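Asker: The structure that follows is given in the form of structure tokens.
The values are calculated or read from the model by the stated rules, or taken from the named source; none is laboratory data. The structure displayed is predicted, hence computed values, not measured ones. Cβ atoms come from the backbone with ideal geometry, glycine included; neighbour counts cover every protein chain shown.
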Amino acid sequence: MSTATAKKEESGRVVRPLKIRKGDMVEVIAGKDRGKRGKVIHTVPRENRVLVDGVNLVTRHQKPRQATRATPQTQTGRVVKPAPLHLSKVMLVCPRCNHATRIAMSFTQDGKRVRTCKKCKEYIDSV
Ligand SMILES: [Zn+2]
């Protein structure tokens with residue numbers, strides 16, 4: 001999924017990869033779920049949004065439909081599921097110091113680009 005390069009869409013709009021990636025732990029800093037932590041299960045770079053497990057839950061009233069091979073019947077009735085949150089509402093939780101932190105970019109000795117915690121200055125990504 002994640003390539004570290006910017007993608008250009010047909011419209012000419014450049015979509016850069018997010019600093020927060022799938023599998024990261026994030027803390028919600030705004031909105032009704034402020035203070036909650038969860039794991040990122042999906043990212044939407046073109047909308048600057050992330051889907052966080054157990055956060056921003058919405059109830060959808062899913063009508064039963066004829067199941068086809070393309071759209072198999074899933075759950076029907078009242079389905080509670082997470083909705084994507086804007087990137088500005090979450091902060092990455094550093095796996096080393098366990099603080100919600102901002103992210104710096106730095107390079108390892110062999111020139112690899114890694115995310116770094118602004119608080120403890122440790123690498124967030126495994127080197
Ligand atoms: Zn840290």
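Asker: Go through the range 8-27 and give me each residue that's surrounded by fewer than 16 Cβ atoms within 10 Å (Cβ to Cβ) and within 25 Å of Tyr123 (Cα to Cα). Spell out how you get there, then give the answer.
Answerer: First, the residues of the range 8-27 that are surrounded by fewer than 16 Cβ atoms within 10 Å (Cβ to Cβ): 8-17, 19, 22-23.
Val15, Arg16, Pro17, Lys19, Lys22, Gly23 - these are the residues of the range 8-27 that are surrounded by fewer than 16 Cβ atoms within 10 Å (Cβ to Cβ) and within 25 Å of Tyr123 (Cα to Cα).
Rundown of residues vs (1) surrounded by 10 or more Cβ atoms within 10 Å (Cβ to Cβ); (2) touching a Phe, Trp or Tyr at 6+ places or on another chain (Cβ under 7 Å); (3) outside the structural domain of Arg46 (by TED's automatic domain parsing), yes/no style:
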{"site": "Arg60", "(1), (2), (3)": "yes, no, no"}
{"site": "His86", "(1), (2), (3)": "yes, no, no"}
{"site": "Gly111", "(1), (2), (3)": "no, no, yes"}
{"site": "Thr116", "(1), (2), (3)": "yes, yes, yes"}
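Asker: Being closer than 17 Å to Ile124 by Cβ and touching a Lys or Arg at 6+ places or on another chain (Cβ under 7 Å), is that true of even one residue in the range 28-46?
Answerer: Looking through the range 28-46, at least one residue is closer than 17 Å to Ile124 by Cβ and touching a Lys or Arg at 6+ places or on another chain (Cβ under 7 Å).
Asker: Separate question: Checking the conditions here, which among Asp24, Asp125 is under 28 Å from Lys7 (Cβ atoms), of a type in the set (D, E, K, R), within 16 Å of the ligand (Cβ to nearest atom) and modelled with pLDDT under 95?
Answerer: Just one listed residue meets the conditions, Asp125.
Asker: How many residues does the range 88-109 hold that are more than 11 Å from the ligand (Cβ to nearest atom) and either surrounded by 17 or more Cβ atoms within 10 Å (Cβ to Cβ) or in a strand (DSSP E or B) (or both)?
Answerer: Matching residues across the range 88-109 total 6.
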